[in-house]
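Remarks on the structure that follows.
The values are calculated or read from the model by the stated rules, or taken from the named source; none is laboratory data. None of the values given here were measured: they were computed from a predicted structure. So basically every Cβ, Gly included, is an ideal-geometry build from the backbone, and we count neighbours across all protein chains shown. SASA here: full protein model, heavy atoms, side chains in, ligands and nucleic acids out. Shrake-Rupley method; radii C 1.70, N 1.55, O 1.52, S 1.80 Å.
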Amino acid sequence: MATTRRKPLSRERILDTALALVDEEGIEALSMRKLGQALGYEAMSLYNHVANKDDLLDGILDLVLAEMEPPDPAGGLPAIRASALSAHEALRRHAWAANMLMSPGRIRPARIQYMEALLASLRGAGLSAETTYHAYHVLDAHIIGFSLWQASHSYTEEQMSDLTGTFDQMIPKEEFPYLHEHGKQHLTEGQQHDVSAFEYGLDLILDGVKKAFVKE
């Protein structure tokens, strides 16, 4: 009787499978045992390719960082905008990653390279070191902070249905007219959804950066 040969293990295959597992089930679901099952191997076999779980987490974070396009230091504000969108889209695809990026123990080489490129782009665009200090922090906070906020406001269809059904009781229109109005915008279709909130905020920040050129 013919047997099906298992696909060989490699670090790349292990990391790709781990990334898919975490994207689907969350970072808490990742274990060497569960990952081994997904690959068709015993957990101990994985240690021939990854040192430990920390190495595994670093590896999948590196895959997410590789999806972010650092800005070209000579590209000015358009390059900074495109890079910010690229970083946000990567964090949107991998909702768990923004929180991990904030961990002091997870400062990866690609993250350092991205930070350097963003700082170089701001300086190359003509900002002083002092203004770059603030502009960098605001941009970085928007990219990571908005992604964290968005991840915490992602709901399943069932959750949205439950929320819609109880919304009027939780936030009575008579008591909280503006919050009720705002909440309804989230729950109903409309032109407000035609604009990306991340891009809206990013453009406000970049408009502020442009004004800094005039002052300097």
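Taking segment 1-32 as the range and being without any contact (Cβ under 8 Å) to a residue 40 or more places away in the chain and surrounded by 11 or more Cβ atoms within 10 Å (Cβ to Cβ) as the test, the residues that pass are S10, E12, R13, T17, A20, L21, E25, A29, L30, S31, M32. Applying the selection to segment 139-175, what residues are among the hydrophobic types (A, V, I, L, M, F, W, C), exposed (fewer than 14 other Cβ atoms within 10 Å of the Cβ) and in contact with a helix residue (DSSP H, G or I) (Cβ under 8 Å, 6 or more places away or on another chain)? Result: M160, single match. Anything in segment 1-59 that is part of a loop (DSSP other than H, G, I, E, B) and under 25 Å from the mean Cα position of the chain (by Cα)? List them, or say none. Across segment 1-59, the qualifying residues are G26, L30, S31, V50, N52.
Applying the set (1) surrounded by fewer than 10 Cβ atoms within 10 Å (Cβ to Cβ); (2) farther than 30 Å from E25 by Cβ to E181 leaves exactly one unmet item: (1).
Using the structure shown, decide if L127 is farther than 18 Å from P73 by Cα and either among the aromatic types (F, W, Y) or open to solvent by less than 70 Å² (accessible area, probe 1.4 Å) (or both).
no
Kindly indicate whether A51 is within 30 Å of H153 (Cβ to Cβ) and among the small types (G, A, S). For A51, the condition - within 30 Å of H153 (Cβ to Cβ) and among the small types (G, A, S) - is not met.
Hey, does segment 49-61 have a residue that's out of contact with any Asp or Glu (no Cβ under 9 Å at 6 or more places or on another chain), under 17 Å from E199 (Cα atoms) and open to solvent by 30 Å² or more (accessible area, probe 1.4 Å)? The answer is no, given that none of the residues of segment 49-61 is out of contact with any Asp or Glu (no Cβ under 9 Å at 6 or more places or on another chain), under 17 Å from E199 (Cα atoms) and open to solvent by 30 Å² or more (accessible area, probe 1.4 Å). Candidates are the residues of segment 118-171 that are β-branched (V, I, T) and without any contact (Cβ under 8 Å) to a residue 60 or more places away in the chain; the one that is farthest from L202 (Cα to Cα) is T166. Where helices (runs of 4 or more DSSP H) fall wholly inside segment 99-201, the ranges with 3 or more residues that are within 30 Å of D58 (Cβ to Cβ) and not small (G, A, S) are 109-124, 129-152.
Please verify whether P71 is assigned to a loop (DSSP other than H, G, I, E, B) and without any contact (Cβ under 8 Å) to a residue 60 or more places away in the chain, treating the condition exactly as stated.
The answer is yes for P71.
In this structure, does P104 turn out to be open to solvent by 60 Å² or more (accessible area, probe 1.4 Å), touching a residue at least 40 places away in the same chain (Cβ under 8 Å) and over 11 Å from the mean Cα position of the chain (by Cα)? It is false that P104 is open to solvent by 60 Å² or more (accessible area, probe 1.4 Å), touching a residue at least 40 places away in the same chain (Cβ under 8 Å) and over 11 Å from the mean Cα position of the chain (by Cα).
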